[in-house]
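J.: This is the structure I want to talk about, given as structure tokens.
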DNA sequence: AGCGTATTTGAGACCGGTCTCACATGTCAA
DNA sequence: TTGACATGTGAGACCGGTCTCAAATACGCT
């Protein structure tokens, strides 16, 4: 039954009255602007402390037009990839005195749109977005029109002239593919988690993420350069949904002319590959070689440890926030796309394809681990 | 050189003027309160659409006193544990029409304090905090005094009468310890990532997290019940810092009377155990048995798969947000501590201790609900 | 028609800060 | 003494919404 006595919070007028000065003067002292004599300053500070005054940032933002807050919309916070990126954003923002409002789009363009609108409504000073779609971008154009800076994270949108911070996915995919080719592979699959109408890749029109586009280009380019014909046939999409990954992978591995190597678009897919392989009784790298995007910490303790494409995810977030804040502070040069390099970390998940294996002897450490 | 023409955003007065009605009427239509005739409604909406009006939520919050925003302070977003929890919070919040402002404390009480203050300044309607310390809690009392609801996530603070959502760490630790004892272990280590002045455990005064406290109690209680003397000697703290984990683990394993089983406080520590073991040439479960808190997805694909204590992390977040929102909406019953059950998922990282290994008894898979 | 009641509408105060501007006071030079 | 100029302070407008209140209009009924 206890009814919270509607606590009216202490305002600057209360402090002013208690200190015996005008509202304007109290505001000058507590807001650290304008001038005030030392005596008055002390009086006001004392009164503020006594009353437990705490500025209403909302009111402050209202008049100044600045909220010292940046809005962030990511695909999925639960994914460690975005977790790291958000940490980078958060660190850079706080270092510059900004706060972060976070929203989750679930990789759904409609939700992203709603989130952006809400953030604009909250008058964030700028936005960082990992756009869920290359095509549904009206809301992002809206951001631009509102005059508030926008930075795209991890993905670009060609027809939108804003800053972006991405990794060099094309070259990363190329390098990974080349590594597999050098090990002797000719049938190389790329399995992506990206949403698509059909798991079988039929062409770029199915893809709505720049990263996926680039990676596919990388895989295809490296394959073509090695004289591999029709490399696209081993590309699969939509391995994100529960169960779907396992289905795609096992169908791929049990079909005729099965691939001898897999390039996984992220560590969740890599995990799926591991599980499916275990279920099918296949092992890495004897039966299948594997490279995964994203150097998640656990990839180094599996048996065998996984060769990965390490992406500077934290930096991706950190830099995007820095760039955004520079824009907010008023740097007006042309938007740029900052491309961060990736690293191929070779561990032990790459071997020769089964048909080329002759010296299989010396490599196993102890008894073959069975899952 | 293009100077952004300081875009004054469209306000409700602009819309009102354009629609030929008063500001109050336009506000009623666009804010969906009060009444307005169908004709007027249409006129106003049309004008708003034409001008691209978007409400200033700041101004709205100012007058209503509600911001429809909840503040969240977690230890480390980068940690998948918190990632999942934040996702839960985010989902519950959005479902109820609330937004989330996220802050990172880095498990540092001072930063947490600052973050809480900022969030209060932004006039969030309520707060969810994973308190970094049992003792530095002035800022949390401050929240209470400000009259805004607070929910503690994952950890409790005994002298603070607020809602909390936690897992039953005591019983979880007990169950895990018992499982190890049943497998024949008598020398069981608990390695915690919690910050501490000294890695050697000397007593509760070193601990400033309720979870850690409870887990230690659980381990000790189960050990005592099995007649194990001085179980505390295998407790180690501070395995979080880079390199520190490896040092603690290898010293523990190379010392005299070394433990035959380890209980790891989270999956990061478990990872460290894996790495150190590999470096020392030891294997699981032949040389050491392992149980880890938190069922991170990768724990099922290591060799061997790790037995874990699965915590309903997403639910933890989801429920805490729900409880908070119920409080915001005005339910005034006494604060409660909601305790969620954990599950011991038995995989294959538990074996008999080396000295008892003769019959490599059946390592069966099973799960058991603990709470 | 005339009255009571319900519905629409507008004027203006208000939220809690910032900011402009005018005025008061102090300092110093001529 | 007076004027020029810096400094400190207060009154009050303002940001963009909401909300109260009273006036205006519409509606229902005798």
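J.: Considering only the range A:28-50, how many residues are within 14 Å of chain B (Cβ to nearest Cβ) and either more than 10 Å from DNA strand C (Cβ to nearest atom) or crowded, with 16+ Cβ neighbours inside 10 Å (or both)?
T.: 3
J.: Continuing with the same structure: Given the structure, is residue A:77 under 24 Å from residue A:312 (Cβ atoms), in contact (Cβ under 8 Å) with a residue 40 or more places away in the chain and away from DNA strand C (no atom under 12 Å from the Cβ)?
T.: No.
J.: If you take the residues in the range A:32-64 that are without any contact (Cβ under 8 Å) to a residue 12 or more places away in the chain and in a loop (DSSP other than H, G, I, E, B), which one is farthest from residue A:97 (Cα to Cα)?
T.: It comes out as A:37.
J.: Please indicate, with yes or no, whether at least one residue in the range A:270-283 is touching a helix residue (DSSP H, G or I) at 6+ places or on another chain (Cβ under 6 Å), at pLDDT 95 or above and either in a helix (DSSP H, G or I) or under 22 Å from residue A:354 (Cα atoms) (or both).
T.: no
J.: Shifting gears a bit: Among the residues that make up the range A:314-324, is at least one of them out of contact with any helix residue (DSSP H, G or I) (no Cβ under 8 Å at 6 or more places or on another chain) and surrounded by fewer than 21 Cβ atoms within 10 Å (Cβ to Cβ)?
T.: Checked against the condition, which is being out of contact with any helix residue (DSSP H, G or I) (no Cβ under 8 Å at 6 or more places or on another chain) and surrounded by fewer than 21 Cβ atoms within 10 Å (Cβ to Cβ), the range A:314-324 yields no hits at all.
J.: Right, next: Run residue A:74 past the list (1) within 27 Å of residue A:322 (Cβ to Cβ); (2) at the interface with chain B (Cβ under 10 Å from one of its Cβ atoms) and report the number of the one that doesn't hold.
T.: (2)
J.: Just to be sure before I move on: is residue B:165 surrounded by 19 or more Cβ atoms within 10 Å (Cβ to Cβ), away from chain A (no Cβ under 14 Å) and in contact with a helix residue (DSSP H, G or I) (Cβ under 9 Å, 6 or more places away or on another chain) in the structure I sent?
T.: Answer is yes for this residue.
J.: Could you go through the range A:147-169 and let me know if any residue there is assigned to a helix (DSSP H, G or I), under 30 Å from residue B:123 (Cβ atoms) and modelled with pLDDT under 95.
T.: Within the range A:147-169, not a single residue is assigned to a helix (DSSP H, G or I), under 30 Å from residue B:123 (Cβ atoms) and modelled with pLDDT under 95.
J.: Further question on the same structure: Just need a number here: residues in the range B:284-335 that are more than 30 Å from residue B:348 (Cα to Cα) and assigned to a helix (DSSP H, G or I).
T.: So the count comes out to 12.
J.: Residues being crowded, with 16+ Cβ neighbours inside 10 Å and within 10 Å of DNA strand D (Cβ to nearest atom): count how many of those fall in the range B:56-69.
T.: Summing the residues that are crowded, with 16+ Cβ neighbours inside 10 Å and within 10 Å of DNA strand D (Cβ to nearest atom) in the range B:56-69 gives 7.
J.: Restricting to the range B:70-82, what's the tally of residues that are assigned to a helix (DSSP H, G or I) and either within 9 Å of DNA strand D (Cβ to nearest atom) or in contact with a strand residue (DSSP E or B) (Cβ under 8 Å, 6 or more places away or on another chain) (or both)? Please lay out each step first, then the result.
T.: Applying the first criterion (assigned to a helix (DSSP H, G or I)) to the range B:70-82 yields B:80-82.
When the remaining residues are screened for being either within 9 Å of DNA strand D (Cβ to nearest atom) or in contact with a strand residue (DSSP E or B) (Cβ under 8 Å, 6 or more places away or on another chain) (or both), the result is B:82.
Looking only at that region, the number is 1.
J.: For the range B:102-139, name all the residues that are out of contact with any helix residue (DSSP H, G or I) (no Cβ under 6 Å at 6 or more places or on another chain), surrounded by fewer than 23 Cβ atoms within 10 Å (Cβ to Cβ) and either within 10 Å of chain A (Cβ to nearest Cβ) or part of a helix (DSSP H, G or I) (or both).
T.: B:106, B:109, B:110, B:111, B:114, B:117, B:118, B:120, B:138 - these are the residues of the range B:102-139 that are out of contact with any helix residue (DSSP H, G or I) (no Cβ under 6 Å at 6 or more places or on another chain), surrounded by fewer than 23 Cβ atoms within 10 Å (Cβ to Cβ) and either within 10 Å of chain A (Cβ to nearest Cβ) or part of a helix (DSSP H, G or I) (or both).
J.: With the condition kept exactly as written, say whether any residue in the range A:311-325 is within 12 Å of chain B (Cβ to nearest Cβ) and over 15 Å from the mean Cα position of the chain (by Cα).
T.: no
J.: Mind listing just one residue for me: the one in the range A:168-191 that is closer than 30 Å to residue A:142 by Cα and in contact with a strand residue (DSSP E or B) (Cβ under 9 Å, 6 or more places away or on another chain) and, of those, surrounded by the most Cβ atoms within 10 Å (Cβ to Cβ)? If you could, list the steps in order and put the result at the bottom.
T.: So in the range A:168-191, the residues closer than 30 Å to residue A:142 by Cα come out as A:168-170.
Then keep just the ones that are in contact with a strand residue (DSSP E or B) (Cβ under 9 Å, 6 or more places away or on another chain); that gives A:168-169.
Numbers: A:168: 16, A:169: 26.
Within the range A:168-191, the match that is surrounded by the most Cβ atoms within 10 Å (Cβ to Cβ) is A:169.
J.: Identify, by number, the condition in (1) without any contact (Cβ under 8 Å) to a residue 40 or more places away in the chain; (2) at the interface with chain A (Cβ under 8 Å from one of its Cβ atoms) that residue B:22 doesn't meet.
T.: All conditions are met except number (2).
The values are calculated or read from the model by the stated rules, or taken from the named source; none is laboratory data. All figures in this text were calculated on a predicted structure; none of them were measured in a lab. For neighbour counting, all protein chains shown are included, and Cβ atoms are generated from backbone atoms with ideal geometry for every residue, glycine included.
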